[in-house]
Amino acid sequence: MKMPKFNSSQAPILFFLILVILLCSTQTQCHTKGLRLRPRNQTNVNTTSQRQNPEEEFMKWVRFVGSLKHSVFKAAKNKLFPSYTLTVHKNQNKGDFTNIQDAIDSLPLINLVRVVIKFHAGVYKEKVNIPPMKSFVTIEGEGAETTIVEWGDTAQTPDTKGNSMGTFNSASFAVNSPFFVAKNITFKNTTPVPLPGAVGKQAVALRVSADNAAFFGCKMLGAQDTLYDHSGRHYYKDCYIEGSVDFIFGNALSLYEGCHVHAIADKLGAVTAQGRSSMLEDTGFSFVNCMVTGTGVLYLGRAWGPFSRVVFAYSYMDNIILPRGWYNWGDPSRETTVFYGQYKCTGEGANYAGRVAWAKELTDEEAKPFISLTFIDDGLDASSSWSTTSLAFLLAALSYFLLYSPPKPHYYHTLFLSASFSDNASIALNLRTLTRRPHIAGSVANAEAAAFVRSAFTSSSLKTHLVSYQVSLTYPLHRSLLLTPNASATPITFTLEQEDVGDNPYAEEVTPTFHGYAKSGNVSGPAVYANYGRVQDFAGLNVSGAVVVARYGKIYRGDIVRNAHRAGALGVVVYTDKRDYGGGGDECFPASKWMPPSGVQVGSVYNGLGDPTTPGWASVEGCERLSEEAVELSGDSPLIPSLPISAADAEVILKSIVGDVADGDVYPVGPGQGILNLSYIGETVIARIENVIGVIEGEEEPDRYVILGNHRDAWSFGAVDPNSGTAVLLEIAQRLDKLQRRGWKPRRTIIFCNWDAEEYALIGSTEWVEENREMLASRAVAYLNVDCAVSGPGFRASATPQLDELIKQAAQEVQDPDNTTQTVYDSWIGSSNSGVIGRLGDLTSDYASFVQHVGVPAADMRFGGGYPVYHSMYDDFTWMEKFGDPMFQRHVAMASVLGLVALRLADEEVLPFNYVSYATELMKSAEDLEKDNLGHGIDVSPLFKSIQDLYTSAQGIHIEKERVKTKNYWGLVQHEIWRVSRAITHASLVLKGVLR
């Protein structure tokens, strides 16, 4: 037969066609992680040379292909770094294209040049397909939260011929070409979760059907069959994948690293369905440092293929995983051929005890092949040009996205403060959920609140766990208060109830008014008014054998009870005076912010820190405990009974003491004719409390901790105290999750702590500090507390002095929520407290254990000061929505300031502490001491000298910190690095005996 004439001008095109066919073909060489063509005892003795050789071979290939010239290909430079860039923007005046498919279609039929297509933020409602010959495409979004590609086909959607298109073609975004890279984009299939048993509802968000694809910080959102990991070798880094049934499926060889897999199953679902059909097929899924969370009940995998292979290593699994873990697809024979395993996983769902017998808990040696990039490249022959090319591609991809021009921390800090990152609606929703029911420590409602916080932490990509303690708490069993105004009067019995003045359906669940840890007893005596119950209020006042009546306002209620006991009183009633909390007018909540006449401020009267029965050690199960007698002798427990009462009840009592007194007058202290009978019986129980802990691990200093904390338990609904702080904490976690999806990783570890039982005696935080004392003392950088985050306008802060400047700097970066023409700092210094930062010497909130037990720098911040409905049943969502923060912008600002302080502590190379201000503060205190010491003959000069030494050292550190920021300083560092390098080289030559 006569051969057709060959036109030599067609040679380049023919060469490229052959090359592309080779690139697009899927390799099926042996890679079974246990059945390999190379010897099992082969070891990698020179990792560096192995990496350099593929890169060198790959660059040779690049230069070879790049030397070819053609009108279609121009100069082909097949490296990761772009030959040119295209932009897609919804506004046709701002980009090269308005939709994605047009940008793809504009590429040459056979593309061998690295092209970067940048998507502007927006929702692109289109179906996208990248053909097999359009290789070397990179797509970049402006963030997975804001750059979304979505479509809504299912397997039963009709195609152009009227037939069902099938699962393969249902993909919203299909990748059919090799060497594809995507970053910071969401791929979404909008089809809702199908009903159980529904047919043809497979709806793929992303399908990847080509070799050497990499995805960084992307989201894949769908319901059934979300990610079709069809074929080829793929790398998924820091991605979020959501679905219900088999939502990661296919027959690719893929490594998922640092990914968040989130289930939205109503009932039964599965994370994976891997389709390996032969032991010679080089496919499988490996999940490393991933997180599996969500709803429903899930299998880790279903054996879609008879030789299905899936491994989870170092991954967190929520309690949604079935104990069995894996499903054989209804074919028992597959149990002998599949390879399913897990290695050092954590979380309630990772418990291996209930796993099927044919799954494996891997040993170190068995897990080794699955936990690095070698999983998707190690099995090929080292001499294979395909292997060298693909490995070089992955190395280059990682270099491009992880090494080349990473954003500086300041970029992420600015992003954290941006309006697009804050969400006042989410804050309001979280606060409404948290305050739906009263949730006193130890209650079922508080456990439900803990579960909500944990779920919110997990949804924000925090590695989350519960830390529980068994602690001593008290609750009221019986309360009564009876007044006999005079000898001839009829006794008056008080109801001791707060009136339900709103429409809260859970008001009846509020615990009866009482004092936490109050002493049980029944006492009677003359009613004696003692103003605020301070030491000076008892001076010259005879209260021996009396029942003291005192008002809240100036000192801690526990000190009122202690002062009364020391003065000889038998009991105490503490009331909420309308002059302090009632506004002096007729209107009260819900018409105004003021406390209703029946309102009662409850709270603890214990003067210590932590569980009273375990002073100095953690209240873990089975620990040593003090007896009730020993607790009482400790000096921190009240020794006489007490009750909190309302302004209305107190007014009746006061009339029996001082008669009718006009509003605004000062009540004279002293006794009256009335006799008070106070009876209180409390119940002491050992109750379970739960701290919720969430962690973002640091990249460079993971053993250094920046801790943010807030407590969750409340005496009633707790909208201000404490759940405004909880809502702020959740907002910060959500923003940091968005930063992580943009590529941010903290230098140091950030820990979120949601404490329990703070209201009783700062118990949750104290027990945790006691249990982790040595770790925190050596590793904690700072503790940032937020309790009553918002009660009104006006920023306030308290801190240990080395944090003063940092707080002021953060406040200068955040817009004031009540005056958009100013920053928080501008409004702060213009207020009555003039930017003054308070100190943390008391036991008011959860910073106490960190400061006083382990000496950790700490801060506490809030908007607003004292508020009228504090610790009453009226501190609910309605009060916050109407009076505390109607638009929830103060919450947003609080999250911005607190979060920015945390970010700077977590990210800056040199910790932003200023010990010059610390020394200055110490000097002021020493001067005050010297003034108080006049006439006592004590020499304080050694103290002044020590403070001066500290001041000098602090100034030296401050100067050195500024030098570090200069180029000259780093030039010296570079010189020292070269000097050490030369010394090592000389030593190496000596050891080798080599003369060059």
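The values are calculated or read from the model by the stated rules, or taken from the named source; none is laboratory data. Everything quoted here is computed from the prediction, not taken from an experiment. Glycine gets a Cβ as well: all are built from the backbone with ideal geometry, and neighbour counts include every protein chain shown. Surface accessibility is based on the protein's heavy atoms, side chains included, excluding ligands, DNA and RNA. Shrake-Rupley method; radii C 1.70, N 1.55, O 1.52, S 1.80 Å.
Positive-end ranking of Pro526, Gly502, Thr613 along the dipole of region 480-623, with charges on Cβ about the Cα centre, is headed by Pro526.
Taking Cα atoms only, the orientation of helix 444-459 departs from the longest principal axis of the chain by about 30 degrees. Under 5 Å from the amide H of Ser716 lie the amide H atoms of His439, each residue being 5 or more positions distant or on a separate chain, with H modelled from the backbone and absent for Pro and chain starts. Two numbers describe the Cα atoms of the chain: Rg and Dmax, which are 34.2, 135 Å. Each of the peptides 683-691, 947-955 was scored by the mean count of other Cβ atoms within 10 Å over its residues; in descending order, highest first, they stand as 683-691, 947-955. Within the shell of other residues whose beta carbon sits under 11 angstrom from the beta carbon of Asn914, the net charge comes to -1, with Lys and Arg scored +1 and Asp and Glu -1. Applying Stokes-Einstein at 4 °C and 1.567 mPa s to the Kirkwood radius of region 569-677, computed over alpha-carbon pairs, gives a translational diffusion coefficient of 76 µm² s⁻¹. How high is the relative contact order of region 624-760, given as a whole-number percent (alpha carbon pairs under 8 Å, six or more residues apart)? That works out to 29 percent. Percent of alpha carbon pairs in region 459-519 separated by more than 20 Å? For region 459-519, the fraction of Cα-Cα distances above 20 Å is 61 percent.
Protein heavy-atom surface of the chain, 1.4 angstrom probe: 54% of the accessible area is carbon and sulfur, with nucleic acids and ligands not counted. From its DSSP helices (H runs of at least four residues, each -39,500 (n - 2.57)), the chain gives a residue-normalised ellipticity at 222 nm of -8500 deg cm²/dmol. Tell me whether region 512-575 comes out rounded, prolate or oblate; compute the Cα gyration tensor, take square roots of the eigenvalues as a ≥ b ≥ c, and use a/c under 1.5 as the rounded threshold. Taking the square roots of the gyration eigenvalues as a ≥ b ≥ c, region 512-575 is oblate.
Per residue, the convex hull around the alpha carbon atoms of region 107-166 comes to 110 Å³. The equivalent ellipsoid of region 410-472 has semi-axes of 29, 16, 9 Å, largest first, where each one is the square root of 5 times an eigenvalue of the Cα gyration tensor.
For the cross-link pairs Lys183/Lys360; Lys344/Lys463; Lys127/Lys219, the ones whose C-alpha atoms lie over 22 Å apart are Lys183/Lys360. Taking every DSSP bridge with both residues inside the chain, close to 25 percent are antiparallel. Placing +1 on the Cβ of every Lys and Arg and -1 on the Cβ of every Asp and Glu, with nothing else charged, gives region 720-858 a dipole about its Cα centre of roughly 800 debye. Given +1 at the Cβ of Lys and Arg, -1 at the Cβ of Asp and Glu and no other charges, the dipole of region 474-617 around its Cα centre is 760 debye to the nearest 20. Reported to the nearest whole Å, the Cα centre-to-centre distance from region 452-495 to region 743-809 is 24.
In percent, rounded to a whole number, the relative contact order of the chain is 8, using alpha-carbon pairs under 8 Å and six or more apart. Taking packing as the residue-averaged number of other Cβ atoms within 10 angstrom, the listed peptides 715-725, 627-637, 773-783 run from highest to lowest as 715-725, 773-783, 627-637.
Dipole check for the chain: with +1 at the C-beta of Lys and Arg, -1 at the C-beta of Asp and Glu, and the Cα centre as origin, the magnitude is about 5300 Debye.
Once R0 is set to 60 Å, what does the formula 1/(1 + (r/R0)^6) return for the Cβ-Cβ distance between Glu683 and Lys90, expressed as a FRET efficiency to the nearest 0.05? Efficiency computed from Cβ-Cβ geometry: 0.40.
Here's how it looks for Ser604: its modeled amide H is under 5 Å from those of Gly516, which are all 5 or more places away or on a different chain.
Amide H contacts under 5 Å for Ile492: Leu483, Thr484, restricted to partners 5 or more places along the chain or on a different chain, H placed in the peptide plane at 1.01 Å from N. The HN-Hα couplings worked out from phi for region 208-222 by the Karplus form 6.51 cos²θ - 1.76 cosθ + 1.60 (θ = phi - 60°) are 10, 10, 9, 7, 6, 10, 9, 10, 10, x, 9, 10, 10, 10, x Hz, whole numbers, x standing for Gly and Pro. Would you work out if region 552-622 is rounded, prolate or oblate? Take a ≥ b ≥ c from the square roots of the eigenvalues of the alpha-carbon gyration tensor; rounded if a/c is under 1.5, else prolate when a/b is larger than b/c, oblate otherwise. Oblate is the answer for region 552-622, as a/c is 1.5 or above yet b/c matches or exceeds a/b.
Other residues whose C-beta falls under 9 angstrom from the C-beta of Tyr680 contribute a net charge of +2, scoring Lys and Arg +1 and Asp and Glu -1. Placing pseudo-labels 7 Å out from each Cα toward the beta carbon at Ala357 and Ala425 gives an inter-label distance of 5.4 nm.
Between the listed residues Thr147, Ala782, Thr435, the Cα displaced farthest toward the positive end of the dipole of the chain, a dipole computed from Cβ unit charges relative to the Cα centre, is found at Thr147. Within the shell defined by Cβ-Cβ distances under 9 Å, the residues around Asn189 carry a net charge of -2, with Lys and Arg each +1 and Asp and Glu each -1. The HN-Hα couplings worked out from phi for region 768-778 by the Karplus form 6.51 cos²θ - 1.76 cosθ + 1.60 (θ = phi - 60°) are 5, 5, 5, 6, 10, 3, 5, 4, 6, 4, 9 Hz, whole numbers, x standing for Gly and Pro. Between the beta carbons of Ser164 and Leu268, assuming R0 = 22 Å, the FRET efficiency works out to 0.30 to the nearest 0.05. I need the shape label for region 209-300. Rule: rounded when a/c is under 1.5, else prolate if a/b > b/c, else oblate, with a, b, c from the alpha carbon gyration tensor. The shape class here is oblate. Solvent-accessible area per residue in the chain equals 43 Å², computed with a 1.4 angstrom probe and all protein chains kept.
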